[in-house]
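What follows draws every value from the coordinates through simple rules; no lab data is involved. None of these values were measured; they are calculated from a predicted model.
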Amino acid sequence: MNFHQQYLWSLKMISKFRMKKFLYTVFYIINFITGVFFISDAALGAGSDLTLKGTVIEQGCDISIDDFNKIVNLGDWSTRDMTRPGGHTEPVNFAFRLSGCAASGVTLTFTGHADPADSGLLALSDESSATGVAVEIMNAAHRRQPLNEKAQRVTVDDEGNAVLSFTARYLSVGGNATPGSADADSEFTLTYD
């Protein structure tokens, strides 16, 4: 028996007296609610205001589907490569490909949990078991791209395309790297001009 059938069956079971009482009660409740709405509507007055807010923005760029939720595999490395502070692994290239850009240029800013020893580096995630290591992101010229700072502006070509190229590598922050998983997460923000 579905809800509608059960409801009708329940109503049939109510005696005529109860049914009349039930209907009067429903009638009074509906009248009361309607009266409240009329009172509320009257209380607003005829001079109510309507405010509409929004922003008109220039269309940004489309990011390649291959670059959504991008995973950059930094590889497996020996702690021997990071026995001294500043010791590092080989950099791994990665890029973000943009298309359909209406802007003339674009910059990118990486954000994430900064390493306590060096705020320009990306700290390993809490789930990582390696210690004494952080991730260094570098621009196309292999210069450090600190977290929370805009990267160098990239010009959008005549067809509305742009490629933002970077590299990343592990960097020893204390010279005493210990082995284990070494994962880090970052978000990025694109700014158009």
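Give me the number: length gained by fully extending H113 to R143, i.e. 0.36 nm times residue separation minus the C-alpha to C-alpha distance, one decimal in nm.
Numbers: separation 30, 0.36 × 30 = 10.80 nm, distance 2.00 nm.
Separation in residues times 0.36 nm, less the Cα-Cα distance, equals 8.8 nm.
Note the full-extension length gain between S64 and R80 as 0.36 nm times their separation in residues minus their Cα-Cα distance, in nm to one decimal.
Values: separation 16, 0.36 × 16 = 5.76 nm, distance 3.70 nm.
Extending this stretch completely gives an extra 2.1 nm.
The H on the amide N of D115, modeled in the peptide plane, is under 5 Å from the matching H of L121, L122, A123, each at least 5 residues off or on a different chain.
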